[in-house]
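Here the structure comes first, spelled out in structure tokens, and everything after it is commentary.
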Protein chains: 2
Amino acid sequence: MAERLRTSRRGLLTLGTAAVAGTAAGTLTGCGSDADQPAAAPAMVAFGGDRQAGIATAQQDRLAFAAYDLTIDGTPAQNREALRELLKTWTAAARAMCAGKPVPGENKLGTAPPADTGEAFGSKPANLTVTIGFGPSLFDKRFGLADRRPAALADLPKFAGENLDAQNSNGDLAIQACSDDPMVAFHAVRNLARLGRGTVVMRWSQLGFGRAASTSTKQETPRNLFGFKDGTRNIHDAKTMDRWVFVGSDTDQKWMRDGSYLVARKIRMRIEAWDRDFLTDQQNVFGRHKYTGAPLTGGSEFDKPNFAAKNPDGSPTIPVGAHMRLAARENNGGVQILRRAYNYTDGMIAASGELDAGLFFLCYQRDPRSQFVALQRKLSAHDALNEYITHVGSGLYACPPGVADHEYWGQALLAD
Amino acid sequence: MAERLRTSRRGLLTLGTAAVAGTAAGTLTGCGSDADQPAAAPAMVAFGGDRQAGIATAQQDRLAFAAYDLTIDGTPAQNREALRELLKTWTAAARAMCAGKPVPGENKLGTAPPADTGEAFGSKPANLTVTIGFGPSLFDKRFGLADRRPAALADLPKFAGENLDAQNSNGDLAIQACSDDPMVAFHAVRNLARLGRGTVVMRWSQLGFGRAASTSTKQETPRNLFGFKDGTRNIHDAKTMDRWVFVGSDTDQKWMRDGSYLVARKIRMRIEAWDRDFLTDQQNVFGRHKYTGAPLTGGSEFDKPNFAAKNPDGSPTIPVGAHMRLAARENNGGVQILRRAYNYTDGMIAASGELDAGLFFLCYQRDPRSQFVALQRKLSAHDALNEYITHVGSGLYACPPGVADHEYWGQALLAD
């Protein structure tokens, strides 16, 4: 942070030119709309550490997610070496971008394309985190990694009611880029695709326009596109993160220690049908009051739900099929997952004239078999919300631990 | 603004409940992530006035755009009455939302759906503007409005190289919702669709994730997805707005006085091809330095380009096909348009593995025939940028003047 400069807009642009020409160590920051005001410290999240950033990090406002497939076609040893080179390049690029610097390399006039595509020049990192995950397909024969596949990275089962689109599911590698500035997040997934040309192709991607979960008690719980505060009872403290989110010493694959498993589900919401539903029914579906976010058993948003409470007619106040009842840790042997969901819209569904919109559900956990899979088996069978949602995309990824300054993503996994 | 409340998060949520239950005049504000800090005045743009907000307004960071088709099928008099009712309802809803209030109506428990879908409860308006436009198709036989069609609302001609998708073009009505909060913008187009059920269906929509133009000298010029600052020389002052953006007393249709014409073009960018191009060539395509935004003839971003300057070999320093040379007012008889473009991405193109991304170009003007159409005829024929872009969607809309407190959009147009 010592290299951060406080200067005028014009001054910064001049610095920008020097920096991107490859000479300066200066951080490209401070060019937001408040550039002429005294600068606050630019919001940055440390890239390095024992654990990857972007998991326990206070959830940023915007998401760019992309899954990639490797296209290398040599011997397992050759492929592994190419993957190693890719991950070294990606790690260096992600490290730079999270520090508000352009992708390393030349951005000069001449006979080579610029190293950085440039659309984020002058933007602050806005808490950018870039988090990588490895899909089950990475552990097939291509890279000779079959014996390093963690047991917890078991293929997800088929769930009731899902209607998955193979073109919006899976992938060898996944990148979750989160930032408070959507351009900065987009820039990250785009530049990684560019840097990987010849080695990877993007398989699918998703932009999340608004945060739909909170991972810090300092954050307001946002609303989903059904207008509800969902995810109020997310994991917010380090001890619970240790217990439920990050892989411990008991892992069968040491390279995953301090890593986490990401499950991504693209959940389309039937907005028009929901909007025709009565408020009473909507609240019964979630088990919460729409406006305050309080459980139907009263109090305020953060008050504990009383699952035993009954209405005067003897029916449970929080209905048996209420989303919140079914997902609650009290009713699942204490199981929790860390949710990092985002609202999305992809425009219209031409055939029906309905909005193509919903929740891009991202969750992190220590073992999907006993966490997401167990919860989703129950939800997919019984959740009252199922009348209004369909899971249309899915991905499962092993996210390795964080990296030290001179390490690269997956270094332990790819060691010979 | 007197009704704005400064209170704690919990307090606001309580207020929110009262307000949405239809009793309070209170404004639902202050629940952002800084809710526990002393509140600044919430950023709001006045809805009413001689001219619609969202045109000259300092450009907000996020866009939700939607075009709608009317589905009423009666006599012209019946249809006109139904359209009038729709526009009264829409105007009231837009007025409320821009003031940070929910859509007017009941949000109570009971046997009717809530009037407001709720996803923006607790969000600040974040400078929300909701701007309406009327497409050429509104002036067909259905509403008996053919003789009120302005001459300036002439169908756009076919331009060289365009490849328009009819499903992402045109529409009887268009709504441009801009806000610094994408949820608030999305909420506006969604709720208008909901309020119009039975009368309109959404035809197409587009989310713009980042501002790609500036309409105020207080704003930094943002970058497009090619990494360039384009639109530096936009209209920023009231006098030029009067001359080039808003309809004057010389209009053939008095109901358009103080209105403006919107041309929307969805411009797909061939990101991957661009990213393989050399910096020198990229700069020659735009006629500007990539990092500083300065014209190739030197200086800084806001310095005047010297179109007569030559390189030592006698070639023009700003090439003859440079986007900026072709679009410059000096080379177009002084013609200017007000640009309000946004960057967009719709994910991937499955067939090619390329990013489906680009510029959602919105521009406002007094007469498209002598402004956008004249400029685009030239650009579509000669612009060096054409190698990297394709226009894939298009819309033209007559945006009526603003409304006084008890007026509704299009009131003068729809008068008997």
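Computed from the coordinates by the stated procedures, all read-outs in this text should not be read as laboratory data. What you see is a predicted model; the values in this text were computed from it and never measured. Quick reminder, even Gly has a Cβ in these numbers, built from the backbone with ideal geometry, and neighbours come from all protein chains shown.
Numbers below:
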read-out	value
The range B:244-386: relative contact order as a whole-number percent, Cα under 8 Å and 6+ apart	31
Cβ-vector label at 7 Å, B:Gly248, separations to other copies in nm	7.7
Highest-fluctuation residue, A:Gln78, A:Gln52, A:Gln283 considered, GNM on chain A with Cα pairs under 10 Å	A:Gln78
Sparse-neighbourhood loop sites, chymotrypsin sites (Phe, Trp or Tyr not before Pro) in the range A:234-289 - DSSP loop, at most 16 other Cβ within 10 angstrom	A:Phe278
Dipole moment magnitude, nearest 20 debye, the range B:50-209 about Cα centre, only Lys, Arg, Asp, Glu C-beta charged	320
Label spacing, shortest first and in nm, from B:Gln78 to its equivalents in the remaining copies (7 angstrom along Cα→Cβ)	7.3
Reachable aspartates and glutamates from B:Lys158, criterion Cα separation under 19 angstrom, eight or more residues apart if same chain	B:Asp367, B:Asp383, B:Glu387
FRET efficiency for A:Phe278 and B:Asp250, using Cβ-Cβ distance with R0 set to 56 Å, rounded to 0.05	0.60
Cross-link table B:Lys254/B:Lys378; A:Lys290/B:Lys266; A:Lys124/B:Lys239; A:Lys310/B:Lys108, entries beyond 28 Å C-alpha to C-alpha	B:Lys254/B:Lys378; A:Lys290/B:Lys266; A:Lys124/B:Lys239
Candidate aspartates and glutamates - alpha carbon under 15 Å from B:Lys88, same-chain residues fewer than 8 apart omitted	B:Asp405, B:Glu407
Sorted by Cβ density within 10 Å, fewest first, the residues B:Ser179, B:Ser123, B:Ser300	B:Ser300, B:Ser123, B:Ser179
Spin-label model distance (nm) - A:Asp147 vs B:Asp242, 7 Å beyond Cα toward Cβ	8.2
Inter-copy label distances at A:Ser216 (7 Å, Cα→Cβ; nm, one decimal)	2.7
Trypsin sites (Lys or Arg not before Pro) restricted to DSSP loop in the range A:171-274 with at most 12 other C-beta within 10 Å	A:Arg197, A:Lys218
Estimated inter-spin distance, B:Phe159 and A:Lys108, nm [label 7 Å along Cα→Cβ]	3.7
Cα-centred dipole magnitude for the range B:286-416, charges only on beta-carbon of K, R (+1) and D, E (-1), debye, nearest 20	560
Degrees between helix B:372-382 axis and first principal axis of chain B (Cα, 0 to 90, nearest 10)	40
Equivalent ellipsoid semi-axes, the range B:351-416, via Cα gyration tensor eigenvalues times 5, rooted, Å	35, 17, 9
Nonlocal amide H pairs with A:Cys399, under 5 Å, H built at 1.01 Å	A:Phe134, A:Ser260, A:Tyr261, A:Leu262
Hydrodynamic radius (Kirkwood) for chain A, which is based on Cα pairs only, to one decimal in Å	22.6
Hz values of 3J(HN,Hα) by residue in the range A:134-148 - Karplus curve (6.51, -1.76, 1.60), Gly and Pro given as x	10, x, x, 5, 5, 9, 7, 6, 4, 10, x, 10, 4, 7, 9
Distance between the range B:60-74 and the range B:40-59 - C-alpha centres, whole angstrom	20
Kirkwood Rh (inverse of mean 1/r, distinct Cα pairs), the protein assembly as shown, angstrom	27.8
Over chain B, relative contact order from alpha-carbon pairs under 8 Å, at least 6 apart, %	22
